[in-house]
Each structure stands twice: as structure tokens, then as C-alpha cells.
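Here, each number is a calculation from the coordinates, and none is a lab measurement. Everything numeric here is computed off the predicted structure, so don't read it as measured data. Cβ sites come from the backbone with ideal geometry, for glycine too, and all protein chains shown count toward neighbours.
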Amino acid sequence: MKLRRTEHGLTVDAADLGPLLGLSPADVPVLMRAGDITSQSETGIGEDEGKIRLTFWYDGQRVRLVCDTEGNVLTTSRVPVRRNARSSLAVDVS
């Protein structure tokens with residue numbers, strides 16, 4: 001999986017993100033616009049310089065992607081969480 005860099009940040013393809021959240025790709029943009037899928041983007045500093053961490057919350061789960069500055073995904077994790085944390089949308093889904 002590789003993310004694309006745009007002038008607004010990184011873009012995650014819904015075909016990649018959907019299955020990680022247990023959704024069809026067509027549902028991802030709709031749920032993001034509705035605020036049901038929330039996200040956060042963090043840029044690494046210090047020993048994590050050169051890495052970007054994207055976190056998505058949906059329906060009691062958290063999906064985290066760690067990638068390099070070129071958008072190459074280095075690690076992916078999915079864990080249950082107690083609540084769907086609300087944050088501003090930091091990434092686009094195409």
C-alpha cells in the first residue's frame with residue numbers, strides 16, 4: 001500500500017482503507033464526510049523524523065498507518081478502542 005502526497009497532505013485510497021475498517025471502499029468517503037470515520041495525522045520528530053502516522057477511528061476500532069515521507073506504508077495496525085475519537089479530518093480519501 002502506498003499513500004499519495006497532495007497539497008493538502010496524504011491521500012489514502014478508499015480501496016485500501018475500507019477493508020482495514022471492515023467497510024466497502026464506496027462507504028469510506030460517505031462515512032468520512034458524515035464524521036463517522038475520523039482521522040489524525042502526526043509528523044515524526046527526533047528518532048521518528050521522516051515518518052508520518054495516520055490514525056483512523058470508526059465503530060470502536062482504531063487503524064494506524066505509519067509511512068515514510070514518500071507515502072510508503074511501513075506498518076499497519078488495527079485495535080479495538082472504547083470510543084470513536086472525534087478530530088478534524090487530516091487526510092483525504094479518494
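So if I place +1 on the C-beta of Lys and Arg and -1 on the C-beta of Asp and Glu, and nothing else carries charge, what would the dipole magnitude of region 4-86 be about its Cα centre? I want it in debye, nearest 20. Before the final figure, lay out the partial values.
Values: 11 positive and 12 negative charges, 80 e Å.
My answer is approximately 380 debye.
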Rounded to two decimals, what is Rg over Rh for the chain when you use alpha-carbon atoms and the Kirkwood radius?
0.94
Return the single residue from D27, D16, D36 with maximal mean-square fluctuation; model: Gaussian network over the chain, springs between Cα atoms under 10 Å.
D27
When the charge dipole of the chain is computed with +1 at the Cβ of Lys and Arg and -1 at the Cβ of Asp and Glu, the Cα pointing farthest to the positive end, of T69, T43, V81, is that of V81
